[in-house]
1. Would you check which residues across segment B:148-167 are over 16 Å from B:Ala203 (Cβ atoms) and buried (at least 16 other Cβ atoms within 10 Å of the Cβ) and list them?
2. Taking the options B:Val104, B:Val77, name whichever one is touching a residue at least 40 places away in the same chain (Cβ under 8 Å) and more than 8 Å from every other protein chain (Cβ to nearest Cβ).
3. Could you check A:Asn195 against (1) within 14 Å of another protein chain (Cβ to nearest Cβ); (2) out of contact with any Phe, Trp or Tyr (no Cβ under 6 Å at 6 or more places or on another chain) and say which number it fails?
4. Here is a list of conditions, (1) surrounded by fewer than 16 Cβ atoms within 10 Å (Cβ to Cβ); (2) under 22 Å from the mean Cα position of the chain (by Cα), and A:Arg127 meets all of them except one; can you say which number that is?
5. Here is a check on your reading of the model: is B:Pro131 surrounded by fewer than 22 Cβ atoms within 10 Å (Cβ to Cβ), more than 7 Å from chain A (Cβ to nearest Cβ) and in contact (Cβ under 8 Å) with a residue 12 or more places away in the chain?
6. Anything in segment A:160-206 that is in contact with a helix residue (DSSP H, G or I) (Cβ under 8 Å, 6 or more places away or on another chain), hydrophobic (A, V, I, L, M, F, W, C), within 25 Å of A:Ile34 (Cβ to Cβ) and free of Cβ contacts under 8 Å to residues at least 40 places away in the same chain? List them, or say none.
7. Considering each residue of segment A:276-304, count those that are more than 8 Å from every other protein chain (Cβ to nearest Cβ) and modelled with pLDDT under 80, and give that number.
8. In this structure, does A:Ala93 turn out to be of a type in the set (Gly, Ala, Ser), at pLDDT 90 or above, touching a Ser or Thr at 6+ places or on another chain (Cβ under 9 Å) and assigned to a helix (DSSP H, G or I)?
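The values are calculated or read from the model by the stated rules, or taken from the named source; none is laboratory data. For clarity, every value in this text was computed on a predicted model and none was experimentally measured. Cβ placement follows ideal geometry from the backbone for every residue including glycine, while neighbour counts extend to all protein chains displayed.
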Amino acid sequence: MKSALAVIFGLVFLALPFFVKSNYFLSIFIVIGIYTLVVEGLGILMGYAGQVSFGQAAFFGIGGYAVAILTTRFHWGTVTALVAAMVLPAVVAALIGRPTLKLREVYLALATLAFGLLVHTFFNEGRELTGGPSGMTGIPYLAFGDLVFNRDFKFFYLVWALVLLVFLGVRNLGRSRVGRAMRAIRESELAAEANGIDTSLIKLQAFIFSAFLAGLAGGVYAYYVTFISPSPFGFHMSIQFVLMAVIGGLGTIWGPVLGVGLVVALSEVLKWLIPKLLPSAGGEYQIVFFGIILILVMIFKPEGLSHGWRRKAPAAEEGAGRLKATAT
Amino acid sequence: MPSLDQLLQYLFSGLTLGAIYALIALALVMTYNITGILNMAQGEFVALGALTACSLYTAGLPALLCFFLAVLVTAAVGGLVERLAINPARDASPLSLIIITIGVSISLRGLALLIWGTDPHSLPAFTRGGPLQVLGAAVNTQSLWIFGLVVVTVAGLFAFMERTYWGKAVRACVVNRTAARLMGINPYLLSFLAFIASGAMGAAAGIFITPVTLATYDMGFMLGLKGFVAAVLGGINNIGGAIVGGFLLGLLEIFGAGLVSSGFKDAVAMIVLIAVLLVRPEGILGMVTGRKV
């Protein structure tokens, strides 16, 4: 029954581009897909391994800039540039991960935040390479041989195929030895270590994996908008990724899609609604609502929304303990 | 190589900036040690205080009244934040609490944007007259006010900690929260008071720098972050460390911007933060505790 529902849902979803003729809605689904890639990775790091990153937008940006710089300045093929967009953030994560992940809780939060800001400063100031605050234009379309991703509906399928692959990967990871080791670290790092788990290695692997996915998403993003500038890769984006991961629910496969979908939908609705209610308001006023939602979710449902309707009692209990467990 | 009076100029600017960082770090360290919460909304208190004072001053109120009213309003906001957002989640993990304070920070920034818009607001300098000349370098009179504020705040805090019952309760809480609770000290009341006090301290800092830097709705984020860097640099469980860290960071930033490149001014703080966290996470003056960070 459940799988039948999933299949029907999947088919309807795949047929979407045929009856959604508006490019606006299609582009929203593409953006949701791209963010989902990042948040799935962050979900592994936060929900499975119990570590936090307030600098995920930096990896997203490194992936995007890798594509932009390699294709326009060095004339790499679009596919090899996309591979580089995944590998480069992973390498950066591997380099900074070991010393950074030794830190706990608030210190880890601060260190990743500082890393994110540092990378963002580099995007702004490294003019010769990144084009500075005004960014870079002329990124070519992604092309596999004759298949050129130059239309929104092609991108829709590309992005959601990638999301599907990541879903399968995350599901398998959750059931594997590494996934179990990650959850053990989340519950108690000391106990995990006592049971022979190489905690620093597993945490590093989770960090690298999250950077890899963020880089992939960044590369795809660059090919989608064919223009890049530092503004989407700043601190507010890192926070938004954490918000999406937390709202959707940590440690689940569906949590990230749910979180991303809700945040993107809410942000679009607010963009449309607020000018009607408060005509004088200007700027990113919708952040008020994100802040309030974040507070409410953390107070009333710290395990996230996707824990709500399924396996209620045990899941809620286990989930509620999740963020708490990382405390001690 | 810059000339001697240029270096001297950097020194004074660095100390002024550092004084502000020290004040913010002081509020952060106080809250952290009492409640265990790293308050990411501290910078927003600074912005809120400064902007409120600007509005009151524009409305024609006398300057001194503006100052006290703005401090009161921000202190009330601090208390409100604690009751509405922190207290209901008091049993959550430090990580959840950080995320909550980030939520508070985002909400307050959005609120400030709605109320004050994106334009910068200003206050006149507290005293008229041009800058003082010290050995060929110009010292803004407002800088002297800022130093004065630091001295008064530190002295006040010291007197409070050493001379009053509540100060003793705070110190007990810092040493061991559970033991303090067993002795009949209410940690939730202290947490409430800590947020009120950090609201007031943030507002005072914001009002004092507004004549130099102007006040905008988004000034808080970077200031709050620099406060963290200063606090971590000095040692997060040490009040003296917050002050040393603040001045050190101010000097590093101004000399870094002056001698290398101004575009990387904010990056200096981040590099310092990462370096300190990796090399000596307990800070320069921090106590080495058994607990790993």
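1. If the condition is that a residue be over 16 Å from B:Ala203 (Cβ atoms) and buried (at least 16 other Cβ atoms within 10 Å of the Cβ), then B:Val154, B:Met161 are the ones that fit.
2. Numbers: B:Val104 fails: more than 8 Å from every other protein chain (Cβ to nearest Cβ).
It is B:Val77.
3. Every condition holds for A:Asn195 apart from (1).
4. The failed condition is (2).
5. Values: surrounded by fewer than 22 Cβ atoms within 10 Å (Cβ to Cβ): yes; more than 7 Å from chain A (Cβ to nearest Cβ): yes; in contact (Cβ under 8 Å) with a residue 12 or more places away in the chain: no.
Judged against the criteria, B:Pro131 is not a match.
6. Answer for segment A:160-206, where residues must be in contact with a helix residue (DSSP H, G or I) (Cβ under 8 Å, 6 or more places away or on another chain), hydrophobic (A, V, I, L, M, F, W, C), within 25 Å of A:Ile34 (Cβ to Cβ) and free of Cβ contacts under 8 Å to residues at least 40 places away in the same chain: there is none.
7. The qualifying residues number 7.
8. Numbers: of a type in the set (Gly, Ala, Ser): yes; at pLDDT 90 or above: yes; touching a Ser or Thr at 6+ places or on another chain (Cβ under 9 Å): yes; assigned to a helix (DSSP H, G or I): yes.
Yes: the conditions hold for A:Ala93.
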